[in-house]
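These notes are about the structure you will find just below.
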Amino acid sequence: MRAVSKGNIFDKDKLDRAYFFYGEDLYQVMQFIEDRKTASSGQDQGEVVVEKYALGTDTWAGIIDSARTMPLLSSSVRLVVVEVPSRSRQNVTREEENLSSGEGELLRAYLSSPSEKTVLFILFNQKIKGLSPLLKFFQSLPEGCIRIKELKALKGNKIYSWIRERVRSEAKDIDGYACSRLVELAGNDLRRLSNEIHKLVTFAGEKTRISLEDVELVSGWVKPLIEWEIINCLEEADYQKCLFTLDKLIRKENIHPVVIMDRIHSFFNDILLAKLRIQEGNKDNISIFKEIKPHLQEKHKDLYQRKFRQVFRFAERVSVQELRYFIEQLKDIDIKIKSTGLSFHELMDGFLFDYCRRRAGQERLF
């Protein structure tokens, strides 16, 4: 039986042709894929092309056919990413985990002689309790056909080491107290931690060391303030209130723009997640709401019900394309702030006016 890999996620010198990752936190894999794509962007030689598929929507026959297709440039590499849908209950397998005899033979044939220009990533972003037919199949293959690895959530010293390494990749350092406090505030979810580190690095500017004071200012006490003031205004789509709150946070509360941008960006990401979960049809609205607002308890009935209605009223009326448009606009603002002398206040004023106008008139972008 094929053993589960216990070494590093990737070899430093070369990639295997196929991987099956599963577990509680696959952020490191997804970030690796994104980094490879970004690093090659715009290059005439050696460009990395990422193609994403989802089992249930896409078939193994179509996925393997794509994996065998040679890229347009002989020096390019294709990363084929296949996501396995999460289970509603961890110990109950989904239909997508089952392979027909034909699919099994198709996969076995491909993995025994994979394309030299393709790396196949199969991602199951969930801890597997009990047996998975898909995992059992990959374990039955001969050694060397596919690399299998379970990725557990980092804890203890491992999460602190990851944070320090992530900060060092930005040419900065972080002191021990700041590192501990960051974990207290953000937990051990690597995506969330990476977002917080990005904000801290931006906030630190020319300073080479991130301090406890920086963490408290960017990730600590200011979060509830931003959450209630900015998010309420966005949910109500009240332009005058948005503008007043923005001015108050910048001029009176002296909140750094990177913190405000993060909360606004998170608002649209939460609605996008709710929209996608509704389309998937695997969770009811109560479960979706708990996922995007885990700290809001049902015992706070009036607040809970008001927030619940606001989230799903917006999610039902807005399209995925519109949400992605707003998110792209925020990214564009972030780039302009860093690369031009344009005022954050003025840029956000324009964004908020456009957003509230579209919400008030229910004008669709697409």
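Determine whether region 324-347 contains at least one residue that is farther than 24 Å from Y239 by Cβ and in contact with a Lys or Arg (Cβ under 8 Å, 6 or more places away or on another chain). Taking every residue of region 324-347 in turn, none turns out to be farther than 24 Å from Y239 by Cβ and in contact with a Lys or Arg (Cβ under 8 Å, 6 or more places away or on another chain). Restricting attention to region 248-269 and to residues that are touching a residue at least 24 places away in the same chain (Cβ under 8 Å) and assigned to a loop (DSSP other than H, G, I, E, B), the residue that is surrounded by the fewest Cβ atoms within 10 Å (Cβ to Cβ) turns out to be E253. Scanning region 306-332 for residues that are under 30 Å from Q90 (Cβ atoms) and either surrounded by fewer than 12 Cβ atoms within 10 Å (Cβ to Cβ) or in contact (Cβ under 8 Å) with a residue 60 or more places away in the chain (or both) returns K307, V311, E316. Scanning region 273-285 for residues that are assigned to a helix (DSSP H, G or I), surrounded by fewer than 19 Cβ atoms within 10 Å (Cβ to Cβ) and among the charged types (D, E, K, R) turns up just one, E280. The number of residues in region 67-99 being touching a helix residue (DSSP H, G or I) at 6+ places or on another chain (Cβ under 9 Å) and either within 14 Å of V48 (Cβ to Cβ) or at pLDDT 85 or above (or both) comes to 15. Candidates in region 125-171 are the residues that are in contact (Cβ under 8 Å) with a residue 60 or more places away in the chain and among the β-branched types (V, I, T); of these, the one that is farthest from F10 (Cα to Cα) is I128. Inspection of region 172-190 finds no residue satisfying the criterion of being in the same structural domain as G62 (by TED's automatic domain parsing), among the aliphatic types (A, V, I, L, M), surrounded by 19 or more Cβ atoms within 10 Å (Cβ to Cβ) and touching a residue at least 24 places away in the same chain (Cβ under 8 Å). Being under 21 Å from the mean Cα position of the chain (by Cα) and hydrophobic (A, V, I, L, M, F, W, C) is the filter here, so list the residues in region 49-105 that pass it. Result: V49, V50, A54, L55, L79, V80, V81, V82, V84.
Residues checked against (1) in a helix (DSSP H, G or I); (2) under 28 Å from E83 (Cβ atoms); (3) polar (S, T, N, Q):
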residue: I271; (1), (2), (3): yes, yes, no
residue: S287; (1), (2), (3): yes, yes, yes
residue: D332; (1), (2), (3): yes, yes, no
residue: K338; (1), (2), (3): yes, no, no
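Screening F203 on (1) buried (at least 17 other Cβ atoms within 10 Å of the Cβ); (2) over 21 Å from L249 (Cβ atoms) shows it passes everything except condition (2). Here V82, V119, V92 are screened, and the one residue that is surrounded by fewer than 18 Cβ atoms within 10 Å (Cβ to Cβ), within 30 Å of N188 (Cβ to Cβ) and of a type in the set (V, I, T) is V92. For region 119-168, a residue qualifies if it is of a type in the set (S, T, N, Q), at pLDDT below 90 and under 24 Å from the mean Cα position of the chain (by Cα), and the qualifying residues are N125, Q126, N157.
The values are calculated or read from the model by the stated rules, or taken from the named source; none is laboratory data. Bear in mind the structure is a predicted one, so any value in this text is a computation, not a measurement. Note that each Cβ is placed from the backbone with ideal geometry, even for glycine, and that neighbours are counted across all protein chains shown.
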